[in-house]
Amino acid sequence: MAIFIKKIELNNWFGYFGPYENNVFEFSNGVNIVVAPNDTGKSKLHNAFRWMLTDNVILKNNLNKYELLNIDLNTINHILNHESSALLKNQDTVTIGVRIYFEETNSRGESLNRIITKEVLCKKDVNRITIATPKTSVQRIELGNIRTAPETFDELKTKIIRPNLLDFFLVQGESLEHLTPLKGEKLRTTINNLVSLNILDKKSDISIKLASNIFSLRQDIEKRESINNTAASENVLKKTTLENEITEITESELPQLNNFKEIFGNTIEEFRGQAEISRKNQALLKIIDNYNLDIKKLEGAIDNSYKYLVDNYINNEFWLSKITDNKKDKKTLTDFKENLRDFSAKRGTELNDTLSEKERKMLYALERDQPSPAILTQMIVDDTCYICANNLSADSKRYMEEKLIPFFRKELNKDDIELNKYVELNEIYLKLDGYLNKYDSFEYDFLQSKINSIVLNESNKRDIENKKDDFIKENGVLSKDDVELVSLTTYDRAKSDLSMIVMKIELLEDDLSSKISDLATVNSNMRASNMESKDSVKLNKARNLETFGTEIKNVLLDIKKQMYEDFAMDLEKISNKKFQAFSKDNERFTSQKIKVDFSLNHDNQPDFEIKVIDQFGNNLQQGGGASQALRQLSVIFGLIEKAGGNVNFPFIADAPTSNMSHTLSEHFFNYQLENSENQNILITKELWDDKKNTLNEIGERILTKVENIENAKMISIVSKKGNNKRVNILNLNN
Amino acid sequence: MDDIIANHSLYIDQEFEGFINNFCSTTGADFPQGRLGNYLGSWYEGYLYCLLIGLNTNSRNYLGYTKNKKHQKMSVWSPKNINQYKYCIARVMAREDINTELKLNSRDNIQNNFISTENLLSKVRDICEQFSLGGVHYLKQLYDNDPSIFDDQLALKTIYENSIPK
């Protein structure tokens, strides 16, 4: 079977203005090269195919990256031909459409001609374009007449390129990498579809299912057979349960836990060294922190003591007086005051010559105690002597009234110069005495205790600082980073997780061994109760079948694995051949090789990964770039070749050589022209000289070749002069 | 008496100003950071400190100032300062030798020499100056022997303490 696209017609599609008949690309059954400068409609042509086959178009987004988009209100402005759009008046409608003519031939030489059309009705609504749901139609050409076709659009669409192969047959150079995956499920599906290995897959799957069904069947029979024997039936039930539980543990739980054990074990090994250093550093930092804390505490205490001293001694009081003992000074001042009294008393007795010796002595004594006349008067009123507390006799009263009171009154006379001097001096002494008293609080001991505590704290602080310095000298300067160097948390957590998992594994293993021993007991019980002999022919058959089913399952899996491995090797060989052919004579690629890795995953499904390696086997992971594009194309053609005659779909490629040099491009086109068995529609600008607006040297060479090859065709798209919205489609080799 | 004292002008010797600045501000400049127990905030406190040191050590300089006098009259005596000064005067007048010198030790002396409180306090002020200057000389001598004497945080207290007669 082979498919050939005969024709594509475009209606108001991007730059292609006007109805279908104005924009027709006719293709030959061989290699078709569409060559054109930038912005003439190459990618739009590719998008026409893509829209028909996948409903998507590839447009550049705001970030100048290619993106797969639908035709919707956001994209319609790009897709509807601008000239047609400009001609629209409000409420006018216009149709966007693509129509593909293709031919399907089979091995018997019969052919079917079909036409598929997809259209979107657009309507101008004030200043925006609204769109209707796309409409599709199908037709057939029979004996030159166009009639309705019996198939649906979707059926015919999938005939052109099978949907799961679209990524390999409909490619866009600049999006190759993400549209055409070289690993994962998509690649696997593609490979299976291409080479029919999936038949084996299905058989293997069936064998697995079969083995599992036989297992259940055997269990069912066992159960049924023992239904009449309660004990036996219990045993069977027990056996079944135990068997299931053991399977669950050995095949699922234990492997899972062991996997975790390995992961955590690796983590611990990886971090152990660093974690030990970190832990040590942590301990050292803790010691330094403690030193710092002690120093801070002492500094606080010292500061407090200083503050106390400053507040209470320096700022508020005359602190020097607090540490001076004033007692002696106060006593001296008092003595001086006493002297003054003495002088005054002596002077008093000299004043009156009429006094007897006895009276002089009494007056002297009184004078020293300085009784004022007012007090003497009061004593007479009270009739009491304030000195001896006796009642005064009438003689005494008279003496006081007549002699003493006048005497003192006279003495206090201001004109008494000598007495005034004593009074003035006395006042000075009194005041000064007061100031000594004011600073009387001799607090030396208390102050000293405060100061001693400062001194002690200072000395303790120095000791700790010295210890800290010694410690740092001994252990080096450490920072928080030294501790944070590795994540201790990761290490500790892995350790605790590991210990938990080890515990779980132990428990599970205990559980398992107890279950195995239980199972052995059950089996022996069953044997003892002669269950074995009671087993029916059916059950024995089922048991044999179970063994057989498991064997088949394993054999098929082995075969499947072997076949996939062979396939991977073949694909690698072919792809490398293509890779070398495309990169012919290019030194850069001679050392590179395509590698196809294959493995069976946990579901026994094949996994492929295709990469480029250098001569040392290192993976060259490059996004984009020539070797990436070459690899992709090599694998695509490798797969196509591997699939042989099964897949004669047209290979439609936009800018397949976009990342490659001119030499590589030329190799590619030559190779395709010489070797390709499929229909090729290759859209490129690499063969065009933009400045001269004609084919470049390579283009000319390729054209010469095209002219000499049957079924090859070269088409150019040229903007119409003065109006780059309209294009001319020229067949260069006709 | 307070009024008389408030009119007193106290002097320091300009010759020693540089030295005094080791432990006391003579210009009222900012208090240097980190100095509490080894620095006095004003010239006035420095004067009184030297006076008390002079009294303790019985250092009295009768010769007076070596170069220029520099005085700084208290424009406004704070109660704290005037009380401190009066305390110092009390310490001076409580000395036997000063009592004799001021001729207050006998009736005859008082009769012949005591003129007025103002006169007496003027004499006392002169004596204070001599002791204060004596104190400065004493401190200078200590400093010459050990230039780091004012470095310790509690230097002024220690020096004062050591100056008290045992």
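The values are calculated or read from the model by the stated rules, or taken from the named source; none is laboratory data. Every value quoted in this text rests on a predicted model; they were computed, and no experiment measured them. Reconstructed Cβ throughout: ideal geometry from the backbone, glycine too, with neighbour counts over all protein chains shown.
Within region A:448-472, being within 22 Å of A:ALA283 (Cα to Cα) and either surrounded by fewer than 16 Cβ atoms within 10 Å (Cβ to Cβ) or at pLDDT below 85 (or both) holds for A:ASP463, A:GLU465, A:ASN466, A:LYS467, A:ASP469, A:ASP470, A:PHE471, A:ILE472. Would you be able to tell me the number of residues in region B:140-166 that are within 14 Å of chain A (Cβ to nearest Cβ) and part of a helix (DSSP H, G or I)? Going through region B:140-166 one residue at a time, the tally reaches 9.
Across region B:91-112, a minimum of one residue is classified as in a loop (DSSP other than H, G, I, E, B), away from every other protein chain (no Cβ under 11 Å) and over 18 Å from the mean Cα position of the chain (by Cα).
Condition test on B:ILE127, is it more than 10 Å from chain A (Cβ to nearest Cβ) and either in contact with a Leu (Cβ under 7 Å, 6 or more places away or on another chain) or touching a residue at least 24 places away in the same chain (Cβ under 8 Å) (or both)? Reasoning before the result, please.
Numbers: more than 10 Å from chain A (Cβ to nearest Cβ): yes; either in contact with a Leu (Cβ under 7 Å, 6 or more places away or on another chain) or touching a residue at least 24 places away in the same chain (Cβ under 8 Å) (or both): yes.
So B:ILE127 fits the description; yes.
Within region A:9-41, the set of residues being closer than 20 Å to A:PRO656 by Cα and in a strand (DSSP E or B) comprises A:PHE25, A:VAL31, A:ASN32, A:ILE33, A:VAL34, A:VAL35. In the set A:LEU121, A:LEU68, A:LEU143, only one residue is within 24 Å of A:THR684 (Cα to Cα) and among the aliphatic types (A, V, I, L, M); that residue is A:LEU68.
A quick yes/no check of all residues on (1) surrounded by fewer than 15 Cβ atoms within 10 Å (Cβ to Cβ); (2) at pLDDT below 90; (3) in a helix (DSSP H, G or I):
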| site | (1), (2), (3) |
| --- | --- |
| A:SER43 | no, yes, yes |
| A:HIS46 | no, no, yes |
| A:TRP51 | no, no, yes |
| A:GLN91 | yes, yes, no |
| A:ILE100 | no, no, no |
| A:SER107 | yes, yes, no |
| A:LYS123 | no, no, no |
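Among the candidates A:GLU402, A:GLU357, the residue that is more than 27 Å from B:SER163 (Cα to Cα), more than 11 Å from chain B (Cβ to nearest Cβ) and either surrounded by 13 or more Cβ atoms within 10 Å (Cβ to Cβ) or at pLDDT 70 or above (or both) is uniquely A:GLU402. Screening A:ILE715 against (1) in a strand (DSSP E or B); (2) under 48 Å from the mean Cα position of the chain (by Cα); (3) closer than 15 Å to A:THR40 by Cβ leaves a single unmet condition, (2). With respect to (1) surrounded by fewer than 20 Cβ atoms within 10 Å (Cβ to Cβ); (2) over 30 Å from A:ASN708 (Cα atoms), the lone exception for A:VAL24 is condition (2).
Any chance region A:612-620 includes a residue that's more than 23 Å from A:GLY184 (Cα to Cα), outside any helix (DSSP H, G or I) and at pLDDT below 80? For region A:612-620, residues more than 23 Å from A:GLY184 (Cα to Cα), outside any helix (DSSP H, G or I) and at pLDDT below 80: present. Screening A:THR158 against (1) in contact (Cβ under 8 Å) with a residue 24 or more places away in the chain; (2) assigned to a helix (DSSP H, G or I); (3) closer than 20 Å to A:PHE49 by Cβ; (4) under 45 Å from the mean Cα position of the chain (by Cα) leaves a single unmet condition, (1).
Kindly evaluate B:ILE53 against the criterion of being under 14 Å from the mean Cα position of the chain (by Cα), modelled with pLDDT of 85 or more and either within 12 Å of chain A (Cβ to nearest Cβ) or in a loop (DSSP other than H, G, I, E, B) (or both).
Details: under 14 Å from the mean Cα position of the chain (by Cα): yes; modelled with pLDDT of 85 or more: yes; either within 12 Å of chain A (Cβ to nearest Cβ) or in a loop (DSSP other than H, G, I, E, B) (or both): yes.
Judged against the criteria, B:ILE53 is a match.
Restricting attention to region A:279-317, the residues that are hydroxyl-bearing (Ser, Thr, Tyr) and at pLDDT 80 or above total 2. Suppose the filter is at pLDDT below 85 and either closer than 18 Å to A:LEU512 by Cα or surrounded by 13 or more Cβ atoms within 10 Å (Cβ to Cβ) (or both); does A:GLN256 pass it? Criteria not met by A:GLN256.
Is it fair to say A:SER676 is under 30 Å from A:ILE199 (Cα atoms), at pLDDT 75 or above and small (Gly, Ala, Ser)? It would help to see each step written out before you state the result.
On the way: under 30 Å from A:ILE199 (Cα atoms): yes; at pLDDT 75 or above: yes; small (Gly, Ala, Ser): yes.
So A:SER676 passes the test.
Of the residues making up region A:694-717, those that are hydrophobic (A, V, I, L, M, F, W, C) and surrounded by 18 or more Cβ atoms within 10 Å (Cβ to Cβ) are A:LEU695, A:ILE698, A:ILE702, A:LEU703, A:VAL706, A:ALA712, A:MET714, A:ILE715, A:ILE717.
From the list A:ASN576, A:ASN554, exactly one residue is modelled with pLDDT of 85 or more, assigned to a helix (DSSP H, G or I) and within 30 Å of A:PHE637 (Cβ to Cβ). Which is it? Outline the logic, then answer.
Numbers: A:ASN554 fails: within 30 Å of A:PHE637 (Cβ to Cβ).
Of the residues listed, the single one that is modelled with pLDDT of 85 or more, assigned to a helix (DSSP H, G or I) and within 30 Å of A:PHE637 (Cβ to Cβ) is A:ASN576.
Pairs are defined by a Cβ separation below 9 Å, a sequence spacing of at least 6 or placement on different chains, a first member in region A:411-433 that is within 20 Å of B:GLU96 (Cα to Cα) and at the interface with chain B (Cβ under 7 Å from one of its Cβ atoms), and a second member that is assigned to a helix (DSSP H, G or I) and at pLDDT below 80; the pairs so defined are A:LYS431/B:ASP2. For A:LYS209, the criteria (1) among the basic types (Lys, Arg); (2) touching a Pro at 6+ places or on another chain (Cβ under 9 Å); (3) modelled with pLDDT of 85 or more hold in every case but one, which is (2).
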